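The values are calculated or read from the model by the stated rules, or taken from the named source; none is laboratory data. Treat the numbers as computed from the prediction; the structure is a model and nothing was measured. A quick note on method: Cβ atoms are made from the backbone with ideal geometry, for glycine too, and the neighbour counts reach across all protein chains shown. Surface accessibility is based on the protein's heavy atoms, side chains included, excluding ligands, DNA and RNA. Shrake-Rupley method; radii C 1.70, N 1.55, O 1.52, S 1.80 Å.
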Amino acid sequence: MTLPQEPPLDLLVHRMTWEADEVLSVELTHPDGKPLPAWEPGAHLDLHTGGQIRQYSLCGDPADTGRYRIAVLNEPSSRGGSRHVHTVLRPGATVTVKGPRNHFALAEAPRYVFLAGGIGITPILAQVRAAAARGAGWTLWHGGRTARSMAFGAELTRLSSTAAGPNRCSPPSPPPRRPAGRAASRWSAPAPASPSPSAPTRPSSTPWNAPASRSRPPAVTASAAPARPASSTASPTTATCSCPPRNRPPDAP
């Protein structure tokens with residue numbers, strides 16, 4: 001049986017932002033402002049750019065039907081795809097995409113442990129957002145060459161803080177051993193406990209220190225390239241934050 005061909009979409013490059021060293025996010029919108037096809041965490045797009053077709057994971061919010069967001073690492077060994085995005089593609093341009101399609105769907109579970117290295121955080125970011133929205137417990141380990149090479153740390157901090165609500169719990173814990181010269185961060189939210197019918201669950205109120213949020217660079221205009229951040233020689237850092245579970249009502253009799 002021949003599967004139907006996906007119709008291509010010509011989308012507008014709405015915004016480009018430096019997220020970390022050599023990592024550039026690209027927001028795509030419909031030129032007529034129409035809603036974009038729905039997608040689920042783990043999905044990716046085929047991006048036609050620079051004479052190449054490359055797959056990039058969607059790392060935005062699936063609930064936002066007005067835009068797609070991808071993140072592209074400037075690979076030194078690129079055959080043209082990522083280099084074209086970083087050096088040629090600019091806001092106001094039009095690109096052709098196909099998809100989205102999902103070969104990395106998030107299964108239902110009461111708790112998740114996510115592992116990501118470098119730019120591999122892109123599909124995981126949407127999955128962490130989905131886990132947090134479900135009220136599931138989650139832990140994320142994200143490693144990279146340096147702290148400045150690890151994108152979306154500020155968003156992950158906000159996700160864990162949102163899960164915590166007005167109460168904060170466990171303080172930073174010692175990181176696992178890692179190779180010298182590497183960076184790693186950990187975020188987590190406990191799995192929700194089944195509340196007792198006789199008494200409400202009381203969340204922990206121990207304070208914690210969240211990792212410092214990096215300032216988000218402003219979006220570029222169509223007349224300028226994204227400003228490249230200064231190279232960083234900062235020593236690797238590890239951050240840990242934990243959040244109380246989202247209370248759930250007991251099952252109805």
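Among the numbered conditions (1) under 25 Å from Ala132 (Cβ atoms); (2) open to solvent by less than 30 Å² (accessible area, probe 1.4 Å), tell me where Leu47 comes up short. Every listed condition holds for Leu47 apart from (1). Considering segment 54-77, the residues that are more than 19 Å from Pro37 (Cα to Cα) and part of a loop (DSSP other than H, G, I, E, B) include one that is modelled with the lowest pLDDT, namely Ser77. Looking across segment 78-100 at every residue that is outside any loop (DSSP other than H, G, I, E, B) and open to solvent by 60 Å² or more (accessible area, probe 1.4 Å), the one that is modelled with the highest pLDDT is identified as Thr94. Out of Val26, Val113, one residue alone is within 16 Å of the chain's Cα centre (by Cα) and either free of Cβ contacts under 8 Å to residues at least 40 places away in the same chain or open to solvent by 40 Å² or more (accessible area, probe 1.4 Å) (or both). It is Val113.
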